[in-house]
1. Looking at the structure I just gave you, is GLY137 out of contact with any Cys (no Cβ under 8 Å at 6 or more places or on another chain), of a type outside the set (A, V, I, L, M, F, W, C), in a helix (DSSP H, G or I) and modelled with pLDDT of 95 or more?
2. Does region 84-105 hold any residues that are of a type in the set (S, T, N, Q) and open to solvent by 30 Å² or more (accessible area, probe 1.4 Å), and which are they?
3. Evaluate the following for PHE116: is it at pLDDT 90 or above and open to solvent by 30 Å² or more (accessible area, probe 1.4 Å)?
4. Based on this model, can you work out whether THR156 counts as part of a helix (DSSP H, G or I), of a type in the set (Val, Ile, Thr) and buried (at least 19 other Cβ atoms within 10 Å of the Cβ)?
5. Exactly one of these conditions fails for LYS201: (1) farther than 23 Å from LEU59 by Cβ; (2) surrounded by 13 or more Cβ atoms within 10 Å (Cβ to Cβ); (3) more than 12 Å from the ligand (Cβ to nearest atom); (4) modelled with pLDDT of 95 or more. Give me its number.
6. Which numbered condition trips up ALA127, out of (1) open to solvent by 20 Å² or more (accessible area, probe 1.4 Å); (2) small (Gly, Ala, Ser); (3) within 27 Å of the chain's Cα centre (by Cα)?
7. Could you tell me which numbered condition VAL231 fails, if it satisfies all but one of (1) modelled with pLDDT of 95 or more; (2) among the hydrophobic types (A, V, I, L, M, F, W, C); (3) open to solvent by less than 70 Å² (accessible area, probe 1.4 Å); (4) farther than 16 Å from VAL41 by Cβ?
8. Of these, VAL131, VAL224, VAL177, which one is in contact with a Phe, Trp or Tyr (Cβ under 9 Å, 6 or more places away or on another chain) and within 16 Å of the ligand (Cβ to nearest atom)?
Amino acid sequence: MGHPSFAPSMFVSIAGMVTTAKKVAKSVKSTKYDPLAKERVAEILEILQRTYPDVRCALHHENAWQLLVATILSAQTTDVRVNMVTPALFKKYPTAKALAKVEPEAVEPLIMSTGFYHNKAKNIVGAARRVVEEFGGEVPETMEGLLSLPGVARKTANVVLGSWFGRGEGVVVDTHVHRISRRLELTKSDDPKRIEQDLMKVIPQAKWIDYSHQIIHHGRAICVARGPKCVECPLEKLCHAEDKTWSTVAQHKGAKAIKG
Ligand code: SF4
């Protein structure tokens, strides 16, 4: 015998309400903000491509060897500064073979203004010697070969592989890529190795080279370290960085939108 106060139709309508509530919960869950959502990342890449279609490496170079040296010299300084010293350096020592023959001290005065010149001189002369002894005078085209050279870590190797050999084996993580990838929530890490791994997971391999070039350009022109020019930024609607200077969207940690 059924309970006298519950008609069968009531069970049906309660079951219907439960199903509807579940559907609503599911749809709320599925529209939850995900900074790594494929569509969002694709939109970021599309905007970068539209805004910076032809950006290239800003270090002046005519061959792989020059790019390698310039990239080693660019640590802790600007590309503009490096471009000021490399013409005289390459004039005096045009090849790896020429540089391999001298002692680092001979090179120091030529690169002094780039900072950390003792180490940098040691590294470029050491790299020259290894390129000559192990690679027949040619810059190796593999990540493994490049990483075996003194002063070359993944960032430098990725610059040479991507910009000269057109091989996207990783993502260049310099100070701009580090800062902006965090602002765009494509990574939460502060460690360049982890950042590169995070980016390689969410960005299609075909875009690894372009992404770094475009972000580096964006970092110099608009998304600068202090006081980013968010009002001019084409990515602004997709960005929820806490240090935005202007916003049309609410930040995800409680800040209100500042509609301008
Ligand atoms: S909105 Fe601002 S913080 Fe975000 S990417 Fe653009 S310039 Fe950088």
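1. Spelling it out, it is not the case that GLY137 is out of contact with any Cys (no Cβ under 8 Å at 6 or more places or on another chain), of a type outside the set (A, V, I, L, M, F, W, C), in a helix (DSSP H, G or I) and modelled with pLDDT of 95 or more.
2. If the condition is that a residue be of a type in the set (S, T, N, Q) and open to solvent by 30 Å² or more (accessible area, probe 1.4 Å), then THR95 is the only one that fits.
3. Answer is yes for this residue.
4. Against the criterion (part of a helix (DSSP H, G or I), of a type in the set (Val, Ile, Thr) and buried (at least 19 other Cβ atoms within 10 Å of the Cβ)), THR156 qualifies.
5. For LYS201, the failing item is (2).
6. (1)
7. (3) is the only condition that VAL231 fails.
8. Of VAL131, VAL224, VAL177, the one residue that is in contact with a Phe, Trp or Tyr (Cβ under 9 Å, 6 or more places away or on another chain) and within 16 Å of the ligand (Cβ to nearest atom) is VAL177.
The values are calculated or read from the model by the stated rules, or taken from the named source; none is laboratory data. Here the structure is a predicted model, which means the values were calculated and not measured. Positions of Cβ are generated from backbone atoms using ideal geometry, with glycine treated the same way; all protein chains shown enter the neighbour counts. For accessibility, only protein heavy atoms count, side chains too; no ligands or nucleic acids. Shrake-Rupley method; radii C 1.70, N 1.55, O 1.52, S 1.80 Å.
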